[in-house]
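The values are calculated or read from the model by the stated rules, or taken from the named source; none is laboratory data. Quick caveat, the model's predicted, so the values are computed rather than measured. Backbone-built Cβ (ideal geometry, glycine too); neighbour counts: all protein chains shown.
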Amino acid sequence: MENYLLATLSLLVDGISFGMILFLISCGLTVTLGVMRLLNIAHCGFAMIGGYLALALVNRLHINVLAALPIAVAGTVVIGLLLERTVYRWVYETTALGQILMTIGLTFLMVASINLAFGSLLYTLPVPPSLTGTWVIGGVAISVWRIFLALVSTSLAGMLWYVLDYTYFGARLRAAVDNPRMARCVGINVRKIFAQTFAAGCGLAAVGGVLGTQMLPLEPYYALKYLVLVLIVVAVGGFGSLKGSLVAALSFGIIDTFGRYLVPAAGAFVIYFALVVVLLARPQGLFARG
Amino acid sequence: MTVGHEIAAALEVVGLHKNFGALRVARDISFTLEPGARHALIGPNGAGKTTLVNLITGVLRPTSGSIHLGGVDITRARLERRVVLGLARTFQISSLFLPLSVAENVALAVTAKAKIDTQPYGPVYRRDAIVAEVQRLLALFEIEATAQRRVADLAYGQRRLVELALALALKPKVLLLDEPAAGLPKRDSERLLEILMRLPAEVAVLVIEHDMELVFNFARRITVMFEGGILAEGSVAEIRRDPQVRDVYLGHRRDHEMAS
Amino acid sequence: MADLAIAPPRSSVIADAFLRHRLSWSDALIWLVGIAVYFVASEYLQLATQTVIMIIFALSLDLAIGYGGIESLGHAVFFGTGAYAAGSYALYVSSEPISGLVAGGLAAAVLGILSGLLILRVRGLTQVILTLAIATMLLQVATTAKSITGGDDGLTGYRIAPILGQFEFDLYGHTAYIYGLVILAVVFLFCRVLVNSPFGLTVRGIRDNPLRMRLLGVPVTARLLTLYTISAALAGVAGALSAQVTGLIGTDSLSFLLSGNVLIMLILGGIGRLSGAFLGATVFVVVSDRAAAIDPFNWLFVLGAMLILAVRFTPSGLTVVIDRLVARLSPGARRT
Ligand SMILES: Nc1ncnc2c1ncn2[C@@H]1O[C@H](COP(=O)(O)OP(=O)(O)OP(=O)(O)O)[C@@H](O)[C@H]1O
Ligand SMILES: [Mg+2]
């Protein structure tokens, strides 16, 4: 009885850490969809770029992943800002289908560049020695790294909430998500806010990309392979709802982890089935605005 | 409701309520259109006239109350069923198929009415019955010359005429017209009145209009709405005499028109 | 000569106001090129057959997106289903090819009805994501159900009998190409009749203004479901054709990449105008074949750049660009 409980606890930690990584990767996309109605297919690519930047730092400079993390995130933010200034200007101006195609094109460019620079092998980043190993509680092993991941990403999410709810920037962003036209009318520079948010979203995705390689290993097709997961999180949560994305990502992580453990044969599509059901019951997502 | 009547009313609305949150846009609206009625619905801006049309056509769901069309309860019926039962409307802000040509717009209504919109064979332009009917409707409004133009390229007034052609193509039993003359030049507005006058006698028509000349010339009865409720109903003469109506609407309207 | 002076019957002005896909010189040219390829470029017949299959696939997607406004980013699910159905049909039922195509089309149509019932309840971005999710789910099923699909190894080992008992599939792909071309002609004529018909007009109306269509008494969802099913069936035929001429079906026939590629072809060529599928698929298949022969990953550079530039500079597709060029060369030409 106690063993079941502990096994459940172990799975729960795995599920939560996976879910939180997914949340970090998706939250930027949620906001882009909410503010600009932009389906940015390339969003997952920023997580990939972050991961590979960290990989390069770890390999070349032989530094710890946690030391590489801030540099990789900063690098991704810069790349995100540059792209926002250039290619995305065009993306905003076209139709919905055009936006999908342009950002698919951008994703292809990312995939090809990564392959050119790093080859097509699968990589995971080494866990820092201080965080390897497991805690054994009553015969059940819980990975220290997973606990660390859950803690770090939860505190990041906490910071995100603080920024959104208690800062002036957050207030303006919420206004822009709620009603972009009205926000413009009261003198908020929606474009600028959006660029800043876009860059922040890229940075958070990069954190997820760097820390999540145990679950989502790096490879050139990363950007396309995990896109569906991210889209699911965003769609189930409701466009523009960060709270929705958090709930969706956590449920996804937990259901997926338990699903694969309990019914290994069906595990992979339990989650897609759940998605179809949720979207049918609530086409606008769980936490849609309005 | 219809028990005991010889002929069911064309449209019968009983105790209709609609709230948008705390805003009550329809309160206890009841009225009847007999077959062949020529009825006008007037009231100041924001009185709830368009909302009422939306409730009757099913675009909005009433909070409570009932709607009968030709004796059939349509309170909860789907939009398309109401149309099949003989209800047609026009939109205050015209709602057409912008990328399609004028003829295609009208043909959409013609094929829907003829129930041949499911046929996957036989090009539309070779169906003489469709082409002839489209031509008849366009000729009625003297807009044949625009047949090949995309609706998106039409002037506002011409779009209103296309809007009317669509509604007439459905050969409705009850026709709801939401400000058909708004934005039309004088000449077209007179032409419109002429066309309305020539509608088949058995069709019940409810017209919402701010143009009082058109209302008084066309309607036999008038209902006045104010702040979501019915303020008065009566013959043209009665409504013209009613001091209350003058206060809330006619007077206000006259000032308004003088000012502009 | 005197006849010409007589004014045409008045209704012809009206008749001319409808969209019509007439067989024109450019159509004749397309088919001439199609036949010429057989004689002139016989070493490229496999590539040409591939192009023909993709044109059929793109036509099917054009019906859904271009005419019905149903935004699908998971259309490969029908292509793949058609392919697996035709493969299984050849393995277990009969190696006769024509009935194999029908089997592929029917299987995809059934899936079209089922998934249509789901995706037509929502619109816009939610619809896009739902089509993607359904496609991903089926890809997972196909990868797992090894006994039916062969999993990641693919389904192979089936034989296709001679067409009409007469024309054997040869090693050089002569029969396969002509077979494909004939099927394409049939599919194209079918699409042409469909879009010119009252049903075709109705779905375009729904695409532009669904609420108004309901207020004309048209059950919008039912019409769109019909269209989506037809589109799925045609995509299934394309998949079945692919399975028959290549003799191998992999899970990539259900993949997001294929769904994305066919959308790219369609938008590249021009949406909502059947000729777009021809041009887009041809350009895409030929360019991708050349580039992939050089280096498959660098091809993604080319494709990515091509996509961004194409959407930026020819947002309504190559066919429109060509139309404009033609119009500039012959000032009297009427717009299509
Ligand atoms: N979807 C909605 N949500 C909330 N309020 C609405 C909605 N639609 C209309 N209203 C409100 O309902 C009231 C009635 O509007 P309605 O359009 O029916 O007026 P109207 O009599 O047609 O006016 P007009 O003469 O200007 O056309 C208005 O106060 C309007 O602001
Ligand atoms: Mg109104």
If you go through segment B:223-236 one residue at a time, do you hit one that is touching an Asp or Glu at 6+ places or on another chain (Cβ under 6 Å) and surrounded by 21 or more Cβ atoms within 10 Å (Cβ to Cβ)?
-> yes
Would you check if there is a residue in segment A:240-248 being in a loop (DSSP other than H, G, I, E, B) and surrounded by fewer than 19 Cβ atoms within 10 Å (Cβ to Cβ)?
-> no
Would a scan of segment C:166-181 turn up a residue that is within 14 Å of chain A (Cβ to nearest Cβ) and out of contact with any Lys or Arg (no Cβ under 6 Å at 6 or more places or on another chain)?
-> no
Just one of the numbered conditions (1) at pLDDT below 85; (2) more than 30 Å from C:GLY34 (Cβ to Cβ) is not true of C:THR131; which one?
-> (1)
Return yes when B:ARG149 is free of Cβ contacts under 8 Å to residues at least 24 places away in the same chain, surrounded by fewer than 16 Cβ atoms within 10 Å (Cβ to Cβ) and of a type in the set (D, E, K, R) and no when it is not.
-> no
Considering only residues that are touching a residue at least 12 places away in the same chain (Cβ under 8 Å) and acidic (Asp, Glu), look in segment B:6-40 and name the one that is nearest to ligand 2 (Cβ to nearest atom).
-> B:ASP28
Name the one entry in B:GLY36, B:GLY21 that is at pLDDT 90 or above, out of contact with any Gly (no Cβ under 8 Å at 6 or more places or on another chain) and more than 14 Å from chain C (Cβ to nearest Cβ).
-> B:GLY36
Test B:PRO200 against the stated conditions and say whether it is assigned to a loop (DSSP other than H, G, I, E, B), within 30 Å of C:ASP208 (Cα to Cα) and modelled with pLDDT of 85 or more.
-> no
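Step by step: first the residues of segment B:200-217, then only those that are over 13 Å from B:ILE42 (Cα atoms) and crowded, with 16+ Cβ neighbours inside 10 Å, then the one that is farthest from ligand 1 (Cβ to nearest atom). Which residue is that?
If we filter segment B:200-217 for residues that are over 13 Å from B:ILE42 (Cα atoms), which is where we start, we get B:200-205, B:217.
Then keep just the ones that are crowded, with 16+ Cβ neighbours inside 10 Å; that gives B:203-205.
Numbers: B:VAL203: 22, B:ALA204: 20, B:VAL205: 17 Å.
That would be B:VAL203.
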Listed by range, helices (runs of 4 or more DSSP H) wholly within segment C:11-62 having at least 1 residues that are over 22 Å from B:ALA103 (Cβ atoms) are C:25-40, C:45-62
Out of (1) more than 16 Å from ligand 1 (Cβ to nearest atom); (2) away from every other protein chain (no Cβ under 12 Å), the odd one out for B:ILE143 is which?
-> (2)
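Could we say that A:TYR92 is hydroxyl-bearing (Ser, Thr, Tyr), within 14 Å of chain C (Cβ to nearest Cβ) and over 18 Å from the mean Cα position of the chain (by Cα) here? Spell out the reasoning first.
Values: hydroxyl-bearing (Ser, Thr, Tyr): yes; within 14 Å of chain C (Cβ to nearest Cβ): yes; over 18 Å from the mean Cα position of the chain (by Cα): yes.
Taking the combined requirement at face value, the residue satisfies it.
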How many residues of segment A:156-192 are of a type in the set (A, V, I, L, M) and within 25 Å of A:MET20 (Cα to Cα)? The answer is 9
For A:LEU216, all conditions in the list (1) more than 13 Å from the chain's Cα centre (by Cα); (2) surrounded by 22 or more Cβ atoms within 10 Å (Cβ to Cβ); (3) not in a helix (DSSP H, G or I) hold save one; what is the number of the exception?
-> (1)
Going through segment A:114-155 one residue at a time, which ones are farther than 21 Å from A:GLY208 by Cα, touching a residue at least 60 places away in the same chain (Cβ under 8 Å) and not small (Gly, Ala, Ser)?
-> A:ILE137, A:VAL140
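Check B:LEU69, B:LEU79 and return the single one that is away from ligand 2 (no atom under 16 Å from the Cβ) and at the interface with chain C (Cβ under 9 Å from one of its Cβ atoms).
Every option except B:LEU79 fails the conditions.
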Any idea which of B:ALA112, B:ALA132, B:ALA107 is surrounded by 21 or more Cβ atoms within 10 Å (Cβ to Cβ), in a helix (DSSP H, G or I) and either free of Cβ contacts under 8 Å to residues at least 40 places away in the same chain or at positive phi (or both)?
-> B:ALA107
Scanning for something assigned to a strand (DSSP E or B) and either touching a strand residue (DSSP E or B) at 6+ places or on another chain (Cβ under 8 Å) or among the polar types (S, T, N, Q) (or both), does segment C:153-174 turn up at least one residue?
-> yes
Would you kindly identify the helices (runs of 4 or more DSSP H) lying entirely within segment C:207-271 that contain at least 3 residues that are within 14 Å of chain B (Cβ to nearest Cβ) and surrounded by fewer than 23 Cβ atoms within 10 Å (Cβ to Cβ)?
-> C:210-214, C:220-246
What are the pairs, 6+ residues apart or on separate chains, where a residue within segment B:156-183 that is over 23 Å from B:ALA103 (Cβ atoms) and within 14 Å of chain C (Cβ to nearest Cβ) has its Cβ under 8 Å from a residue that is more than 15 Å from ligand 1 (Cβ to nearest atom) and acidic (Asp, Glu)?
-> B:LYS173/B:GLU202
Do you know which of the residues in segment B:144-181 that are over 19 Å from B:THR111 (Cβ atoms), more than 13 Å from the chain's Cα centre (by Cα) and part of a loop (DSSP other than H, G, I, E, B) is farthest from ligand 2 (Cβ to nearest atom)?
-> B:ARG149
Inside segment B:1-98, counting only strands (runs of 3 or more DSSP E) that do not spill past its ends, which hold 3 or more residues that are on the phi < 0 side of the Ramachandran plot and within 15 Å of ligand 1 (Cβ to nearest atom)?
-> B:11-20, B:23-33, B:38-42
Quick check: anything in segment A:76-87 buried (at least 16 other Cβ atoms within 10 Å of the Cβ) and within 14 Å of chain C (Cβ to nearest Cβ)?
-> yes
Scan of segment C:135-159 for residues that are surrounded by 21 or more Cβ atoms within 10 Å (Cβ to Cβ), modelled with pLDDT under 85 and of a type outside the set (S, T, N, Q), ordered by number = C:MET137
Which residues, taken from segment B:31-58, are out of contact with any strand residue (DSSP E or B) (no Cβ under 8 Å at 6 or more places or on another chain) and among the polar types (S, T, N, Q)?
-> B:ASN45, B:ASN54
Looking only at segment C:272-284, and only at residues there that are among the hydrophobic types (A, V, I, L, M, F, W, C) and assigned to a helix (DSSP H, G or I), the one that is nearest to the chain's Cα centre (by Cα) = C:ALA277
Is one or more of the residues making up segment B:41-56 away from ligand 2 (no atom under 11 Å from the Cβ) and within 14 Å of another protein chain (Cβ to nearest Cβ)?
-> yes
Residue, surrounded by the fewest Cβ atoms within 10 Å (Cβ to Cβ), within segment B:82-104, restricted to residues that are of a type in the set (S, T, N, Q) and more than 7 Å from chain C (Cβ to nearest Cβ) = B:GLN92
